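Read-outs: derived from the displayed coordinates by stated rules, not from any lab. Predicted, not measured: the structure shown is a model, and the values here were computed from it. Counting neighbours? That spans all protein chains shown, and the Cβs are built from the backbone with ideal geometry, glycine included.
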Amino acid sequence: MSITVILGAQWGDEGKGKITDLLAADADLVARYGGGDNAGHTVTVGTERFALHMIPSGILYPRVTCLLGGGMVINPGRLLEEMDLLADRSVDVSSKRLKLDGRAHLILPYHIALDGVSERARGGAAIGTTLRGIGPAYTDKVARTGIRAQELLHPSTDLERRVCDQVAAKNLLLERVYGQPPLDAGTIVQVLLTHAQRLAPYISDGTEEISHALRSRKRILAEGAQGTLLDIDLGSYPFVTSSNPTIGGMMTGLGIGPHNIERVVGVVKAYQTRVGAGPMPTEAGGEAAEVLRGTGAQPWDEFGTTTGRPRRCGWLDVVSLRFAVQVNGLTELAITKLDILSRFDEIPVCVAYQLDGQRLETLPTDVAILERCRPVYENLPGWGTDITGVRVFSDLPPAARGYVTRIEELLGVRASYVSVGPGREQTIHW
Ligand code: IMP
């Protein structure tokens with residue numbers, strides 16, 4: 001049993017990149033299991049800041065091997081750009097260290113075009129996607145018309161024909177349904193063949209990589225993207241992403257059985273954020289939201305790493321976190337951004353919802369009902385001092401310790417990490 005899973009317990013942006021980076025120090029293989037470049041994981045090392053979208057943050061440790069799992073959707077051009085950016089900063093991204101499971105599906109230009117036009121067509125009911133082509137690429141996967149990374153290993157007339165067929169089918173939609181100009185199949189094929197040449201050495205059998213690592217008693221870290229409440233099956237549908245950021249997505253995305261899992265670390269931001277549309281019962285307004293969000297002047301302020309959009313901000317929602325504990329079998333919590341709450345005299349924590357005069361302790365499955373839920377808050381005292389320099393739990397002000405232990409109590413899961421700033425060293429671990 002040597003697999004540690006790190007996944008988001010909220011609506012994404014919990015700080016998984018930082019926690020993965022910390023745990024990667026003791027890992028041999030870091031594998032990302034789902035999503036694509038809709039994710040944005042930020043890691044701060046000294047004065048350097050790395051914003052990663054597909055490549056696991058473990059890449060910053062020279063001895064770690066990184067795997068892009070079969071459950072992912074990969075935009076080949078953007079992956080090459082990310083590799084080049086890392087290489088420019090002297091990070092080794094050779095095929096010895098970076099592997100791409102041949103099962104991963106490719107995001108091609110027609111997916112991005114369709115993401116944009118379908119979002120526009122939804123008008124006021126738009127999901128607020130990242131416009132990276134994620135939904136349309138997973139749609140093709142499920143429709144069994146997708147193109148997988150392994151097809152780049154042996155580019156053939158068959159691959160070219162399949163891409164051309166796909167472009168023709170998507171052009172029908174683009175032109176006739178959305179009134180858009182058609183895409184040029186020849187250009188798409190040419191660019192893909194160029195990308196294929198560069199990516200071919202990286203493509204491998206991801207489950208075999210994992211299985212080999214397990215047989216060799218290597219330590220494996222499985223890195224999730226997005227968060228539990230964005231899960232296509234378990235999240236606040238339809239305001240979700242198109243993959244499974246929850247534990248089940250880890251097993252299918254990497255090909256790992258449950259008996260191999262040792263720890264499931266749920267990353268929980270000390271308050272709540274959400275990007276895009278959909279219900280968020282604890283959303284704050286006015287000054288509180290502004291203080292939580294920051295101005296955007298700091299890289300850790302609440303603006304999307306991928307899209308730059310301001311995030312919706314509010315108070316910790318224990319009802320939805322209980323759900324995350326339950327569906328993922330969380331064994332521990334990593335609480336991030338506790339330092340941001342130092343600015344408040346009193347900190348509300350949502351311990352239940354109120355719906356039509358009734359107290360609700362569980363998360364409704366219907367977003368129309370969730371939209372009508374009002375938070376029932378328990379107000380915890382603030383601590384009013386800067387905690388960014390604290391490195392030991394007992395050195396935190398009593399009210400900050402009280403905040404962490406109350407979350408543990410409410411969720412019935414212990415916290416083993418508390419992050420008090422963006423830096424690697426700004427972490428309390430016990
Ligand atoms: P998509 O994944 O681009 O299709 O977007 C679907 C929904 O998931 C939108 O509300 C996005 O804002 C949200 N989303 C996707 N990826 C992330 C992420 O990494 N962090 C936070 N929200 C995300």
- Note: T405 to H429 extended length (0.36 nm per residue) minus current alpha-carbon separation gives 7.2 nm
- Task: Can you tell me the 0 to 90 degree angle between the C-alpha axis of helix 185-199 and the longest principal axis of the chain, rounded to 10?
- Result: 70
- At what distance in angstrom do the alpha carbon centres of region 398-430 and region 326-397 lie from each other? 12
- Do the sum for the chain: with -39,500 (n - 2.57) for every DSSP H run of n ≥ 4, divided by all residues, what is the mean residue ellipticity at 222 nm, to the nearest 500 deg cm²/dmol? -9500 deg cm²/dmol
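Note down the magnitude of the dipole of the chain about its Cα centre, charges +1 on Lys and Arg C-beta and -1 on Asp and Glu C-beta and zero elsewhere, to the nearest 20 debye. Show your work: numbers first, answer last.
On the way: 44 positive and 49 negative charges, 113 e Å.
With Lys and Arg at +1 and Asp and Glu at -1, about 540 debye.
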- Task: Under 17 Å from a label point 7 Å along Cα→Cβ of Q326: give me every residue in region 216-242 with its amide N that close.
- Result: 228-231, 233-237
- Quick calc: nm separation of the 7 Å Cα→Cβ label points for S216 and Q197 -> 3.1
- Item | Simple spin-label estimate for C164 and N260 in nanometres, 7 Å along Cα-Cβ | 4.0
- Task: State whether region 133-196 is rounded, prolate or oblate according to the following rule on the C-alpha gyration tensor (a ≥ b ≥ c being the square roots of its eigenvalues): a/c under 1.5 gives rounded; otherwise a/b larger than b/c gives prolate, and the remaining case gives oblate.
- Result: oblate
- Message: Quick check: the angle from helix 157-172's long axis to the longest principal axis of the chain, C-alpha only, nearest 10 degrees?
- Response: 60
- Taking the convex hull of Cα positions in the chain, its mean projected area over all directions (nm²): 20.5
- Using a cut-off of 20 Å between alpha-carbon atoms, which lysines can reach K170, once sequence neighbours fewer than 8 places away in the same chain are excluded? K141
- Note on the structure: Once both label points are put 7 Å beyond Cα along the C-beta direction, the D205-S90 separation in nm becomes 3.8
- For region 227-283, rounded, prolate or oblate, judged on the Cα gyration tensor with a ≥ b ≥ c (square roots of eigenvalues), a/c < 1.5 rounded, else prolate if a/b > b/c? oblate
